[in-house]
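I have placed the structure first, in the form of structure tokens, so that the comments after it can refer back to it.
The values are calculated or read from the model by the stated rules, or taken from the named source; none is laboratory data. Model, not experiment: these values are computed from the prediction. Here the Cβ is made from the backbone with ideal geometry for all residues, glycine too, and neighbour counts use every protein chain on show. The protein model used for the area step is the full one, side chains on, heavy atoms only, and it has no ligands, DNA or RNA in it. Shrake-Rupley method; radii C 1.70, N 1.55, O 1.52, S 1.80 Å.
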Number of protein chains: 2
Amino acid sequence: MDEYSKQEQGRGASVGAVHPQLAKFDTPFTTVSGAVLPQWELCFETYGRLNAERSNAVLVCHALSGSQHAAGVQHDNPNNVGWWDNIIGPGKPLDTDRFFIVSSNNLGGCHGSTGPTHPHPEDGKAYGSRFPVMTVEDWVHSQKKLAEQLGIDRFAAIVGGSLGGMQALRWAIDYPEAIGAAVIIAASARLTALNIAFNDIARSAIIGDANFYDGNFYQHNALPTSGLQVARMLGHVTYLTDFLMGKKFGRTTHANSDRNNSQAVQFEVESYLRYQGTKFSTRFDANTYLLMTRALDYFDPAADCNGDLVKALAPATAQFLLLSFSSDWRFPPEHSRHIVQALLAGNKNVSYLEIEADTGHDSFLLTNAQYHNAIATFMNHLTLDAPNKCNA
Amino acid sequence: MDEYSKQEQGRGASVGAVHPQLAKFDTPFTTVSGAVLPQWELCFETYGRLNAERSNAVLVCHALSGSQHAAGVQHDNPNNVGWWDNIIGPGKPLDTDRFFIVSSNNLGGCHGSTGPTHPHPEDGKAYGSRFPVMTVEDWVHSQKKLAEQLGIDRFAAIVGGSLGGMQALRWAIDYPEAIGAAVIIAASARLTALNIAFNDIARSAIIGDANFYDGNFYQHNALPTSGLQVARMLGHVTYLTDFLMGKKFGRTTHANSDRNNSQAVQFEVESYLRYQGTKFSTRFDANTYLLMTRALDYFDPAADCNGDLVKALAPATAQFLLLSFSSDWRFPPEHSRHIVQALLAGNKNVSYLEIEADTGHDSFLLTNAQYHNAIATFMNHLTLDAPNKCNA
């Protein structure tokens, strides 16, 4: 878990050691763009127990660099704590004493679900750049298939931050009967040009890396680590704030800085970012990074309705909770308010809270009492209707 | 000139065709860090005429990617318009009918002054990474030598935006007797961690480019174009604003976008940025980019006085004009106010104006009536004392 998470003590306990599971699908998956995956798999974890009525399931959707490992510790690596461990667990805002949490790695990901590193059925070589472009809709459709395989007709709630929140919003539109509530955190109904630009700088760093080989680096026994490092550094910086970085690093110089070398690390902030970037560059797949950022850029449910978000949200019946963070400048509060206003205009059931936090976009991953209380209170008040009752 | 400049019609006329000049120095230049350049040259341009009293000289200092070519058109390339052509010329805010403007390429630059692309005296091969690290102080010291060679004992004003403003501020501290006024635009007395972080992402992109060869790419007949492209894209984006990019590009898709290719350009904003980055990558030196960003990071005049900026500014006797732009988030108005407050606390002569503009940090390069009027008015009121009168 990131060190920022330690700044405030969260509530509840850990779900303990967890094992990833694999759901296999033999029916081909056809993407919105028409591409076909003949066979495909989703890697997922679950926390808590599905009740007899199958009414307490909650789907957690991950963001750009997330995975299915959202809570607890990896069974064979106790240092690998889930990315939302402060939210999910007994007595935590997503309370595993009450809810059965499902968390899957997105299709096209690099943590076990079918993705660019997996063998293409035709030649057995890694898909690489041949892996089809994914959209938020594709992920939602694939998660629906997973739910069916798990015997879940309806999720009590679908919860996500950032790109995960976009998935929760899309679920509410595409499968209104299958979602009781949507918790949409630090998300957006569509990115701005600036946000697309940041994503494209990251993509350009990856594509321009001599070790990327047009996305087919696997065959060259190479890794575009430099490009991924830069992409991660940029993500990291833009998910934080000037204030927080000032508080944490200021202008402190690095212990081994050499002022006569313009290539070497001089300030602590550089050392931290280069380290984070390097760590990321060997554990994340470059093609997955491209796919994830593309899905972010393309997400625009209103586009199907001539830009009318109210119309796009018309099918939704879920109860909504929208949350944003005051200092988030990549997915600023205006973006959440834009969704809230469209929901209100459509006479939907929606609550909204803008949380004061100086931790930027990353706030959705961090421990913050007001934020966690908002989710806990919302979740505690959900009625766990059995699906047949709801659809009656 | 950048197309943004065309949004508002500026005043005045062009200085016409200009020729760069070369000042050669045989006395070694010793940097603050103790490195020595045995011989060195500064490439510069001048606009207007030095008066008989030698009292009307104005030094213009350039920012990160600038050059000596600040005004008019290059004599052998009429498409190459100076980067501050909207400010400098007959009837313009820096009026060449009244002032004699000197604009030099910084030492370590790549537009004619001695820099990393030049031969090292020992082996005749390009300096490359062996070129010493430069600081704002070094540039100011080298510009003073240029002034001496031109017979200018005192500048009526020294003017600069961004990194150029830092040089004007340093001049006021280091050579108070040689500067009548300082016009410091969108600058800072020291960068924050976030700003250093952005610079280090750009540096990491360059250093990580396989064609950089630790800064000695000249010998390998290679150019780190990919790294420079990413550096430029990041600079470009952070010098603008979300609002302006939304207005200019929005979510317009590119004419030839292929949604099934995650590597290809999809949105207009990407096409624009990749094009700007590519253009920059073949015309700017990678080592110069590192040196320039390092000078930005290191600049911190208060550091010599235990962080006390008032004390650091104590020697200054110049008349100051500070300008900032409301939407500039890389060098936000707080940074200018910080300098203004220190100047006021030291009982200095200072004016300050925060200009409403939605064009971000790049505003200092753009045409804006309020901005240009502020400079014109300040310059028009300067008394052109002969140096001997001032020092009496």
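The single residue among B:Glu354, B:Glu334 that is open to solvent by 50 Å² or more (accessible area, probe 1.4 Å), free of Cβ contacts under 8 Å to residues at least 60 places away in the same chain and not in a helix (DSSP H, G or I) turns out to be B:Glu354. On the basis of being in contact with a Lys or Arg (Cβ under 8 Å, 6 or more places away or on another chain) and more than 10 Å from chain B (Cβ to nearest Cβ), does A:Leu309 make the cut? In short, no.
Scan segment B:303-323 and report the pairs whose first residue is part of a helix (DSSP H, G or I) and whose second residue is surrounded by 13 or more Cβ atoms within 10 Å (Cβ to Cβ) and basic (Lys, Arg), with Cβ atoms within less than 6 Å and a gap of 6+ or a chain change. That search, which allows pairs on different chains as well, returns B:Cys305/B:Lys311. Looking at (1) outside any loop (DSSP other than H, G, I, E, B); (2) at negative phi; (3) touching a helix residue (DSSP H, G or I) at 6+ places or on another chain (Cβ under 8 Å); (4) surrounded by fewer than 19 Cβ atoms within 10 Å (Cβ to Cβ), find the lone condition where A:Ala182 falls short. Condition not satisfied by A:Ala182: (4). Of all residues in segment A:130-168, those that are over 25 Å from B:Asn261 (Cα atoms) and either part of a loop (DSSP other than H, G, I, E, B) or in contact (Cβ under 8 Å) with a residue 12 or more places away in the chain (or both) total 18. Among the residues in segment B:22-32, are any modelled with pLDDT of 95 or more, open to solvent by 60 Å² or more (accessible area, probe 1.4 Å), within 14 Å of another protein chain (Cβ to nearest Cβ) and touching a helix residue (DSSP H, G or I) at 6+ places or on another chain (Cβ under 7 Å)? Yes; the residues of segment B:22-32 include at least one that is modelled with pLDDT of 95 or more, open to solvent by 60 Å² or more (accessible area, probe 1.4 Å), within 14 Å of another protein chain (Cβ to nearest Cβ) and touching a helix residue (DSSP H, G or I) at 6+ places or on another chain (Cβ under 7 Å). Against the list (1) at pLDDT 95 or above; (2) open to solvent by 30 Å² or more (accessible area, probe 1.4 Å); (3) touching a helix residue (DSSP H, G or I) at 6+ places or on another chain (Cβ under 9 Å), the condition A:Tyr275 fails is (3).
Annotation for segment B:248-264: no member residue is closer than 30 Å to A:Val265 by Cα and either in contact (Cβ under 8 Å) with a residue 40 or more places away in the chain or among the aromatic types (Phe, Trp, Tyr) (or both).
Only one of the numbered conditions (1) part of a loop (DSSP other than H, G, I, E, B); (2) over 14 Å from the mean Cα position of the chain (by Cα); (3) within 23 Å of B:Ala318 (Cα to Cα) is violated by B:Asn106, and that is (2). Filtered by the rule that a residue be assigned to a loop (DSSP other than H, G, I, E, B), more than 9 Å from chain A (Cβ to nearest Cβ) and more than 21 Å from B:Ala205 (Cβ to Cβ), segment B:222-257 gives B:His254, B:Ala255, B:Asn256, B:Ser257.
Quick check on this structure: which one of B:Phe212, B:Phe280, B:Phe267 is aromatic (Phe, Trp, Tyr) and under 21 Å from A:Phe299 (Cβ atoms)? The match here is B:Phe267. Comparison of A:Tyr175, A:Tyr213 shows that the only residue that is among the hydroxyl-bearing types (Ser, Thr, Tyr) and away from chain B (no Cβ under 12 Å) is A:Tyr175.
Looking across segment A:135-162, not a single residue is aromatic (Phe, Trp, Tyr) and surrounded by fewer than 24 Cβ atoms within 10 Å (Cβ to Cβ). Examine segment B:276-294 for a residue that is touching a strand residue (DSSP E or B) at 6+ places or on another chain (Cβ under 8 Å), within 14 Å of chain A (Cβ to nearest Cβ) and farther than 22 Å from A:Asp214 by Cα, and state whether such a residue exists. No, the conditions are met nowhere in segment B:276-294.
Does segment B:359-370 include one or more residues that are charged (D, E, K, R), touching a residue at least 60 places away in the same chain (Cβ under 8 Å) and buried (at least 21 other Cβ atoms within 10 Å of the Cβ)? For segment B:359-370, residues charged (D, E, K, R), touching a residue at least 60 places away in the same chain (Cβ under 8 Å) and buried (at least 21 other Cβ atoms within 10 Å of the Cβ): present. Restricting attention to segment B:313-330, does a residue exist that is over 19 Å from the mean Cα position of the chain (by Cα), open to solvent by 10 Å² or more (accessible area, probe 1.4 Å) and of a type in the set (A, V, I, L, M)? Yes: one or more hits.
Filtered by the rule that a residue be within 9 Å of chain B (Cβ to nearest Cβ) and part of a loop (DSSP other than H, G, I, E, B), segment A:185-201 gives A:Arg190, A:Leu191, A:Thr192.
Exactly one residue out of A:Ala202, A:Ala255, A:Ala222, A:Ala189 is open to solvent by less than 30 Å² (accessible area, probe 1.4 Å) and more than 21 Å from A:Phe280 (Cα to Cα), and it is A:Ala189. Of the residues screened, A:Ala172 is not one that is part of a strand (DSSP E or B) and either of a type in the set (Lys, Arg) or more than 25 Å from A:Met233 (Cα to Cα) (or both). Acidic (Asp, Glu), over 21 Å from the mean Cα position of the chain (by Cα), within 30 Å of A:Asn349 (Cα to Cα) and more than 7 Å from chain B (Cβ to nearest Cβ): is that true of A:Glu268 in this structure? Against the criterion (acidic (Asp, Glu), over 21 Å from the mean Cα position of the chain (by Cα), within 30 Å of A:Asn349 (Cα to Cα) and more than 7 Å from chain B (Cβ to nearest Cβ)), A:Glu268 does not qualify. Taking residues in segment A:5-21 that are surrounded by fewer than 18 Cβ atoms within 10 Å (Cβ to Cβ) and among the β-branched types (Val, Ile, Thr), and partners anywhere that are at pLDDT below 95 and part of a strand (DSSP E or B), not one pair has Cβ atoms closer than 7 Å while being at least 6 places apart or on different chains.
Checked against (1) within 29 Å of B:Arg232 (Cβ to Cβ); (2) out of contact with any Cys (no Cβ under 9 Å at 6 or more places or on another chain), A:Leu163 passes all but condition (2).
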